[in-house]
Amino acid sequence: MDLAWICRQMRNSAEAIRALVNGCPAEQATWKPNATSWSILEVVNHLLDEEREDFRRRIDVLLHRPGEGWFRFNPEQAAVERRYNERDLESSLRDFLALREESLRWLGDLGEVDWTAVQTAPFGEIRAGDFLASWAAHDILHLRQLVRLKWGYLVQTLEPYDTRYAGEW
């Protein structure tokens, strides 16, 4: 496990998220292509809650308090109950980025750990390294989602003009 490399990837992903959403107007931040999709604002708040309540916490429990076992976190439910789409994008982004820096410092301070340590989850066994790899991958999945949201909003906003000349989506 190359922790320094993973931390660089996570820092780069946070900067890419910042670049994609920084300065986004409220109308675009709350826009959804359909009723079941998330908005940019909801994605950012999901990332914020994941940073605060999921990946780091799961790794910490697995490495330092394995007896605590699995805890529940329902991202879909949180988006509705916590009213993600009614929040302020700028402060949500700022909070996510601050927590990410805190997480990166925490990871850097871990020292030598057993990334093969295992915990039983509702879906089977998962290692500490699997959580870390999933944390980095989670950013990339949501970067893809943010790009799709920006594309969809742009195409809709520019109607009746056509974007075919830009290339295939």
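Checking each residue in region 1-10 for being in contact (Cβ under 8 Å) with a residue 24 or more places away in the chain and open to solvent by 70 Å² or more (accessible area, probe 1.4 Å) picks out only MET1.
May I ask you to list the residues in region 92-128 that are of a type outside the set (Gly, Ala, Ser), open to solvent by less than 70 Å² (accessible area, probe 1.4 Å) and part of a strand (DSSP E or B)? So that I can check it myself, show each step before the final result.
As a first pass, look at region 92-128 and keep what is of a type outside the set (Gly, Ala, Ser): 93-97, 99-102, 104-107, 109-110, 112-116, 118-120, 122-123, 125-127.
Narrowing further to those that are open to solvent by less than 70 Å² (accessible area, probe 1.4 Å): 93, 96-97, 99-101, 104, 106-107, 110, 113, 115, 119, 126.
Hits for region 92-128 are GLN119, ILE126.
Residues in region 92-115 that are without any contact (Cβ under 8 Å) to a residue 40 or more places away in the chain and of a type in the set (Gly, Ala, Ser): ALA98, GLY111. Among the residues examined, GLU50 does not qualify as acidic (Asp, Glu), more than 24 Å from THR157 (Cβ to Cβ) and surrounded by fewer than 16 Cβ atoms within 10 Å (Cβ to Cβ).
Yes/no per residue for (1) open to solvent by 10 Å² or more (accessible area, probe 1.4 Å); (2) among the β-branched types (Val, Ile, Thr); (3) touching a Gly at 6+ places or on another chain (Cβ under 7 Å); (4) not in a helix (DSSP H, G or I):
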{"position": "ASN12", "(1), (2), (3), (4)": "yes, no, no, no"}
{"position": "GLU15", "(1), (2), (3), (4)": "yes, no, no, no"}
{"position": "CYS24", "(1), (2), (3), (4)": "yes, no, no, yes"}
{"position": "GLN28", "(1), (2), (3), (4)": "yes, no, no, no"}
{"position": "ALA35", "(1), (2), (3), (4)": "yes, no, no, yes"}
{"position": "VAL43", "(1), (2), (3), (4)": "no, yes, no, no"}
{"position": "ARG56", "(1), (2), (3), (4)": "yes, no, no, no"}
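Scanning region 146-169 for residues being surrounded by 13 or more Cβ atoms within 10 Å (Cβ to Cβ) and either under 15 Å from ALA14 (Cβ atoms) or touching a Phe, Trp or Tyr at 6+ places or on another chain (Cβ under 7 Å) (or both) gives a total of 3.
Using the structure shown, decide if ASN85 is polar (S, T, N, Q), at pLDDT below 95 and open to solvent by 70 Å² or more (accessible area, probe 1.4 Å). The answer is no for ASN85.
The values are calculated or read from the model by the stated rules, or taken from the named source; none is laboratory data. On a predicted model such as this, the values are computed, not experimentally measured, just so you know. Cβ: placed from backbone, ideal geometry, glycine included. Neighbour counts: every protein chain shown. What goes into the accessible areas is simple: the full protein's heavy atoms, side chains included, and nothing from ligands, DNA or RNA. Shrake-Rupley method; radii C 1.70, N 1.55, O 1.52, S 1.80 Å.
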